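Written below as structure tokens is the structure these notes are about.
FYI, it's all coordinate maths here, none of it is from the lab. Remember, predicted model here, so these are calculated numbers, not experimental data. Here the Cβ positions follow ideal geometry from the backbone for every residue, glycine too, while neighbour counts run over all protein chains shown.
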């Protein structure tokens, strides 16, 4: 399991993870209605929106994104096949990597 900051090239994989979740499942069409698209995600990453992902053998299996300026966690998504695969550790690592310690 590897954790690293999200970059622009990861955005398509993040959308694939997001639409594949079991809980709070949502389609690409439903995401695009409030203007959550690959291009809007890139624009927000230029500001205070940051994120970290988890990959296993170069496959993105989970990610968390949030707003650094407010400490708001915007989304955390994990592929269903990896829910029981050290999920508690993965979530903790993703969230703690996302925000400075003074916010948490």
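Taking N as the number of residues in the stretch 5-47, what value does Rg over Cα atoms divided by 2.2 N^0.38 Å take? Before the final figure, lay out the partial values.
Values: Rg = 10.6 Å, N = 43, 2.2 N^0.38 = 9.2 Å.
Relative to the rule-of-thumb radius for its length, the stretch 5-47 sits at 1.15.
Taking the Cβ of each residue in 29, 38 as the centre, tally the other Cβ atoms inside 10 Å and list the residues starting with the fewest.
Details: 29 8, 38 14.
Going from least to most buried by this count: 29, 38.
For the pair residue 30/residue 4, report the inter-label distance in nm, with labels modelled 7 Å from Cα in the Cβ direction.
Calculated label separation equals 3.1 nm.
Using the reciprocal of the averaged 1/r over all distinct C-alpha pairs, how large is the Kirkwood radius of the stretch 1-92 in Å?
Working: mean 1/r = 0.0744 Å⁻¹.
With all distinct Cα pairs of the stretch 1-92 included, I get 13.4 Å.
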